[in-house]
Structure formats: C-alpha cells, structure tokens
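Take a look at the structure below.
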Amino acid sequence: AKTEERNAYRLYSPLMHADARRRLSLAVDLRQALARKEFRLVFQPNVELRTGRIMAVEALVRWQHPERGMLYPDDFIPMAENLGLIREIDEWVLGEACAQLRRWDALRLPSLRMAVNVSASTIGRRAFVDRLAEALEANGLSGERLLIEITESAILRLGEQTERTMQAIHGLGVGVAIDDFGTGYSSLAYLKLSAIAFLKIDRSFIAGLPGDANNAAITQAMLAMARSLGLRPIAEGIETQEQHDFLLRAGCSEGQGYFYARPQPAQDIEGMLRPSLRP
Ligand code: C2E
Ligand code: CA
Ligand code: CA
Ligand code: CA
C-alpha cells in the first residue's frame, strides 16, 4: 500500500504543478487581455414563452485567447475578481453592450432590452452609477433599455450602501434582475427594493422539471412569490419542450435557454430579429 501511495503522489504532483503554472500564466495574460482587445460579447435571447418573441438579450463575455482559443467566463471571471480586474472587464462589457444596442437601433431592428452581468465589486463602487449614466448617454439610450443582472450574494455584499446604489440605478430608469435566484442567501428583504424588477430563476431548479417534484414545487413557489411582489420572473436554462410546457402552465411568462437559442454573436441575433419575409 505504501509504494502505491508514493506512486500516486508522484503521478499527481506534476499535474498540480502544471495546473498552478497554467493559472499563473493565465493571470499574466488576463492583465493584458483588455488592452489587446481579446474580449468578445455573445448574446443570448430572452423570450416570451407564449409567443417566442425576443424580449431582451443577455450579454455574455468570452475571452478569445491567442493560444488557448475561446475561454468561457467560468475559466476567468473568478480569477478576474481575485486579481481586482473585474471592474474594468464589467465596464468594458457595459460600454460594448450599449454600443451594440445602438448599432441595432441604427439598423431599425425591433427595440430590445439588453441585460448585463455585474460582479459585487463592480456595483459596489460609487462611480458605477456614473459609468452607467455615461454608457447610456454615449449611445443615446434610455435607461429602460438596460437591465443589470446581479446575484443575491452580491446584493447582500453591498450592505448599507445597497439602498442608495439601487435608488440611483432606479433613478436612471435601469432595471435590476436578481440572477441565479434561489441559490444565494436566505434573506429576501432586498426584494422590496424598488429597483428590482426581475427574478431570474436559476437553471438548477429548471433542470429536473417536470419530473423532479421538489424542484417543481420550488419553482412554483418562486413564481407565486414573484407574482405577489410584482416582479417579472425569467426562467433560466430551459433546454426541453417539457420544461417549456411546464413553465408556461405554471404562469412563467419569460425564459432563456438552449431550447430557444444559444449565446451567439451579434450578426446571428440580427438574423433572428429581421423579419424573414419583406412585403
Ligand atoms: P449566468 O449569468 O447565469 O449566465 C447564464 C449562463 O448559462 C451562460 O453561461 C449561458 O451560456 C448558460 N446557459 C444558457 N442557457 C443554458 C441552457 O439551456 N443550459 C445550460 N446548461 N446552460 C445555459 P456562460 O456564458 O458560460 O456564463 C457563465 C457565468 O459567467 C454567467 O452566468 C455570469 O454569472 C458570468 N458572466 C458572464 N459574463 C459576465 C460579465 O460580463 N461580467 C460578469 N461579472 N460576469 C459574467
Ligand atoms: Ca446572468
Ligand atoms: Ca443566471
Ligand atoms: Ca450564474
């Protein structure tokens, strides 16, 4: 048993080094990525379940790494948060997403809402609301066109400042959606904040529908709560017709997921928005 253990250790150790090396070099690259213009945005439609009409798109960031290819947020957002780089990335995303809305407006495509994700440390800065106002102003957009997605834990991390920040965002007409709803802390007090207009029900609850009785009950409870608080629910991660049917019956009006569309580049969204037949 002893030799096995030693062998196991010897086999594992170089892998750990390789992983640590990989992360270190990724961190070095991440510091350069903005200046080198390596970030891209893809957009995932958010549809009205009954009609399939696109109500909004969510901007999701991708890192086109020169050697490693396309990297997904889970590979670098936590690292960006730890390195203090997330604010710059989030602000770039905000600016780029608003610029994209303006381009779509210029093409006279049906008017959409744009949803942008922001991390706790981004929204926690006093200057964030100024950046928000600038991004809208620079692109001739009214605040109603924009939605900020923030997780429950990020809202709670705002602490005393929460009310003031939310009021300021609300003052711009920008809506706030609670992202990954149901996976965070148990306090629901923040749901009273008037800036909060949407609840995005986390896909972990949608995944087992309709078979999973617990997730079905939790989803129905969350929908009932949204209804009585006057919040608009958006179900995340809808992948099947059965999930779609269940949610429609349960009174959920909006959703997002691979069943409707994957995150995709701006031109592909344009294709979906353009009427296919012109008179
Ligand atoms: P999220 O905000 O919950 O975004 C939804 C994620 O679920 C996206 O992953 C999307 O591709 C994926 N998804 C959508 N529909 C389905 C489905 O039907 N099935 C499954 N299995 N997955 C689906 P993505 O793009 O990898 O983003 C992961 C997370 O990274 C996001 O989760 C968000 O929290 C974060 N993120 C993305 N962009 C930004 C950003 O610009 N700033 C910050 N701070 N975070 C970001
Ligand atoms: Ca989100
Ligand atoms: Ca989410
Ligand atoms: Ca998430």
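No value in this document is a laboratory result; all are computed from the given coordinates. On a predicted model such as this, the values are computed, not experimentally measured, just so you know. Methodologically, a virtual Cβ is constructed for each residue, glycine included, from the backbone with ideal geometry; neighbour enumeration extends over all protein chains shown.
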Net charge (Lys, Arg +1; Asp, Glu -1) of residues whose beta-carbon lies under 12 Å from that of N139, N139 excluded, is -1
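What is the Å³ per residue value for the convex hull set by the Cα atoms of the chain?
Expressed per residue, the convex hull around the Cα atoms of the chain is 184 Å³.
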Run through every distinct alpha carbon pair of the range 185-245 and return the Kirkwood hydrodynamic radius in angstroms, one decimal place. 12.3
Given axes a ≥ b ≥ c from the Cα gyration tensor, I'd like to know whether the range 153-256 is rounded (a/c under 1.5), prolate (a/b larger than b/c) or oblate. prolate
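Please state, as a whole number in µm²/s, the translational diffusion coefficient that the Stokes-Einstein equation yields for the range 162-220 at 4 °C and 1.567 mPa s, with Rh defined as the Kirkwood radius across alpha carbon pairs.
On the way: Rh = 12.8 Å.
The calculation lands on 101 µm²/s.
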So how long is each side of the range 42-181 along the principal axes, counting just the alpha-carbon atoms, biggest first, in Å? 43, 40, 32
Farthest toward positive dipole pole in the chain [+1 Lys/Arg, -1 Asp/Glu at C-beta], among F181, L107, Q44: L107
Sorted by chain and number, the residues with a modelled amide H under 5 Å from that of A235, at a separation of 5 or more or across chains, are I201, E254, G255, Q256
Summing +1 per Lys or Arg and -1 per Asp or Glu among the other residues with Cβ less than 12 Å from Y190's Cβ gives 0
Please report, in debye to the nearest 20, how large the charge dipole of the range 188-246 is about its Cα centre when each Lys and Arg carries +1 at its beta carbon and each Asp and Glu carries -1 there. 400
From the backbone phi of the range 218-234, what are the Karplus-calculated ³J(HN,Hα) couplings (6.51 cos²θ - 1.76 cosθ + 1.60, θ = phi - 60°) in whole Hz, Gly and Pro given as x? 5, 4, 4, 5, 5, 5, 5, 5, 4, 4, 6, 8, x, 9, 8, x, 10
Relative contact order (percent) for the range 19-175, with alpha-carbon contacts under 8 angstrom and 6 or more residues of separation? 18
5 angstrom amide H check on L71, placed H, neighbours 5+ away: W63, Q64, H65
